[in-house]
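Remarks on the structure that follows.
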Amino acid sequence: MTTIMETILVLAHTEVDGSLTENMLEALGAAKTLAGTLVVGLIGADVKATANAIAGCGAVNFLGVSDTDFSQARYGSDAAAAEAICRAAKATVVIAPATSRWNRVLAGVAHRLGGRVDTHVTGISAAGGALSVTRWYYRQRMEAVLQRTQRPWVIALESGCAEPWKGSAGTAKVENVTVTPGDAAKRTTVTGVKAPATDQQTIRPDAKLLFVAGAGWTKKQSDGKTHTDEAGNIILKFLDLTKASLGSSKSLVDLSGEGQAVLPFMSHLNQVGQTGATPRHPKGLSTCCHGEEPHAVGWRFINERRAVNLDPNCGWARGKADVLYVADAFEVMRKVNDLLAAKK
């Protein structure tokens, strides 16, 4: 472990119930590896219980902005709170999880502080005594290592890129940072949340398994006919039994614009690769995909990758999957669902 002369602030916001998500703990875990002077800043309706839950992290100080005005995401109040905590901590490095809430405000906060910001960071280290970060460019084909002399340096760390902090709870002394957002900062009001029912949710970032469906599910099968409805039922049953997250190749989500049969629950939000997401699940299972490079890049950070495809010469057979099953995905997944249902 290399010691660096930095004051490191881990900036986190609580969830509506006051808890911290996994990526918040990952940001804390990444900061701990740097062995600088650690400060934790918390924003939410009530941060006391949250601070107690991570009291054993070794922070020299806990700073909090807590009020009902900060319970929901809002640029005006969030930016004011984050700026106030950064100034109170005299932080030279600010590490925050790349949540949708923080991604909206961190660049503005860095500008207010006269600092610099790097987003989509996938690694932080202090090798040789100099702080550096890594991130990917050109659709995750090129990795860059960056260093900055400008301070404060605000870093948004992507989820799944660091080991989450694990430690004992306790009693933390939280220093309250007073922030009174004006009316202009509170113009946005959250009136409610609309979310699909649990059994309709197909995107689960914290799932242990990513199930990727390709366009082959909607093509003609061995009997010369398409079975799109059956494909949808098989996939949804598997997702329900495993609580896996659903990904898709670009070719499949594009079918709706070509007037072809589509899976009704599939959208561009499920897309992996090209202009889609780059998920980081522990395991991945790809089915009916021909394994083109852009799609393979989209799930390159999956730790264990398996695929099911009838073509032994498909892209997955050329090193993009750890294990390739040369078989009919319909038959395989029907059998898998039967086994899972019997076990459940």
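All of the numbers you see were taken from the coordinates with simple rules; none came from a lab. This is a predicted model, so every value here is computed, not measured. Cβ coordinates were reconstructed from backbone atoms using ideal geometry, including for glycine residues, and neighbour counts include every protein chain displayed.
Odds and ends about this structure:
- Contact order relative to length of region 198-343, as percent, for alpha carbon pairs under 8 angstrom and 6 or more apart: 24
- For the chain, the Kirkwood radius over C-alpha pairs fed into Stokes-Einstein at 10 °C and 1.306 mPa s yields D = 72 µm² per second.
- Each of 159, 245 has some number of other Cβ atoms within 10 Å of its Cβ, and from fewest to most they run 159, 245.
- Straightening the chain between residue 331 and residue 344 buys 2.7 nm, computed as 0.36 nm per residue apart minus the Cα-Cα spacing.
- Ascending count of other beta-carbon atoms within 10 Å, so fewest first, for 120, 13: 120, 13
- Only helices enter this figure: runs of n ≥ 4 DSSP H residues, each worth -39500 (n - 2.57), summed and divided by the residues of the chain, yield -7500 deg cm²/dmol at 222 nm to the nearest 500.
- Taking every DSSP beta bridge that has both ends in the chain, the antiparallel portion is near 15%.
- If R0 is 25 Å, the Cβ-Cβ spacing of residue 184 and residue 73 corresponds to a FRET efficiency of close to 0.90.
- In this structure, the pairs whose alpha-carbon distance is over 21 Å, taken from 32/283; 32/90; 166/208; 237/343; 220/320, are 32/283; 220/320.
- When each of the peptides 141-153, 84-96 is scored by the mean number of other C-beta atoms lying within 10 Å of its residues, the order from highest to lowest reads 84-96, 141-153.
- Entry note: region 7-186 has Rg to Rh equal to 0.94, where both radii use alpha-carbon atoms and Rh is the Kirkwood radius.
- The gain in end-to-end length when the residue 322 to residue 112 segment is fully stretched comes to 70.9 nm, 0.36 nm per residue minus the alpha carbon separation.
- Residues 5, 333, ranked from the fewest to the most other C-beta atoms within 10 Å, line up as 5, 333.
- The chain - percent relative contact order, Cα under 8 Å, separation 6 or more: 15
- Distance from region 72-107 to region 163-192 (C-alpha centre basis), Å: 10
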